[in-house]
1. When only the heavy atoms of the protein chains count and the probe is 1.4 Å, how do 30, 267 rank by accessible area, highest first?
2. How much net charge surrounds residue 249 when only other residues with a Cβ under 14 Å from its Cβ are counted (Lys, Arg +1; Asp, Glu -1)?
3. Kyte-Doolittle mean at least -1.0 and Cα extent at least 30 Å along the axis: which DSSP H helices of the chain qualify?
4. Can you return the aspartates and glutamates within cross-link range of residue 117? Criterion is Cα-Cα under 20 Å, with same-chain partners fewer than 8 residues away left out.
5. Please work out the Cα center distance from region 124-153 to region 212-288, rounded to the nearest Å.
6. With just the Cα atoms of region 141-187, tell me how far they stretch along each of the three principal axes, in Å, largest first.
7. At a Cα cut-off below 26 Å, give the lysines reachable from residue 184, other chains included and same-chain residues fewer than 8 away excluded.
8. Please work out whether region 44-113 counts as rounded, prolate or oblate from its C-alpha gyration tensor, where a ≥ b ≥ c are the square roots of the eigenvalues and a/c under 1.5 means rounded, while otherwise a/b larger than b/c means prolate and anything else oblate?
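The values are calculated or read from the model by the stated rules, or taken from the named source; none is laboratory data. Keep in mind that this is a model prediction, so the values were computed, not measured. Note that each Cβ is placed from the backbone with ideal geometry, even for glycine, and that neighbours are counted across all protein chains shown. Heavy atoms of the whole protein, side chains included, go into the accessibility calculation; ligands, DNA and RNA do not. Shrake-Rupley method; radii C 1.70, N 1.55, O 1.52, S 1.80 Å.
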Amino acid sequence: MKTVSNFLNRFTSLTTLAALAVLMVLITVMNPNFLTTNNLLNLLLQVTANGFIAFGMTFVILTGGIDLSVGAILALSSALSAGMIGAGMPLPLAVLVCVVIGAGLGAINGFFIAYGKMAPFIVTLATQMIYRGLTLVFTNGNPVTKGMDGFFLAYIGQGYLFGIPFPVILMIIAFVILYILLHKTAFGKSVYALGGNEKAAYIAGVQSNRVKVTIYTISGLMSAIAGLVITSRLSSATPQAGSGYEMFAIAAVVLGGTSLMGGKGRMSGTIIGALIIGVLNNGLNIIGVSTFWQQVVEGAVIIVAVLVDVIRNKRSLQS
């Protein structure tokens, strides 16, 4: 069974990779400027925020959960850290505090889901509203710009290293770390076990509550890093930052082959899924499709991704 499962995972990843290649070829035929170095680097830069969030979301969905609060965590952690920078806190310390805040907000989600035995959808929908509301209270609905002109902060989102945008390098580092954590450690096996069959995982000795808190903490941490990148690129922390990012992250994860039912999926699929979303957005822009129609296309892609996941799960159960 494990061999069959591995084959299906690899087949899904190859199919997703082929879909990405076909999409890139189609866009290039319509506009050859798509394959220019500058545009590809810009595309990768655009993918980073969604990529960070999707990496964290992969852990959550693998356990059969969902995190609708990632965009609100992004906004609140960014606004609080920007406020601390404006108040004179050293930039490196503010960056560290921002990441800790994001992880803490994610841990709160995990605590209610694990120990309160509450549905992830309800918990994260509620905390989404709470975190977004707190962001509006803290910022009074206005962007935070004071102290956002420091070189260190600007470099996080706008710097280049060896000709590659620094956020892209950060995303690759995060991917490698989380890939090892998910696919090469006992914790990663616990995540898969929890998503496959929670009762069986509990009987096998998996500390399910601890694993749940940890995965939502990772999700919050990744959201905070995405927030730092966006704040750096915009040189301000806006209260509406991250709106709708949860849908793009979920779409990237599902497009990458991770099952919404949990227990199946890989980090490599998620990064391909994030690239598909990025190529789609970038391609629609350069071939001149209006932003209104872009939303229609992106929504259709999410429906197709979920439909494919449903069909795949149905076939898996039948086999």
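1. Greatest to least solvent exposure: 30, 267.
2. -3
3. 2-30, 37-62, 91-115, 208-234, 291-318
4. Filter leaves 67, 198.
5. Centre-to-centre (Cα) distance: 19 Å.
6. 44, 34, 14
7. Those lysines meeting the cut-off are 2, 199, 212, 264.
8. Note, shape of region 44-113 comes out oblate.
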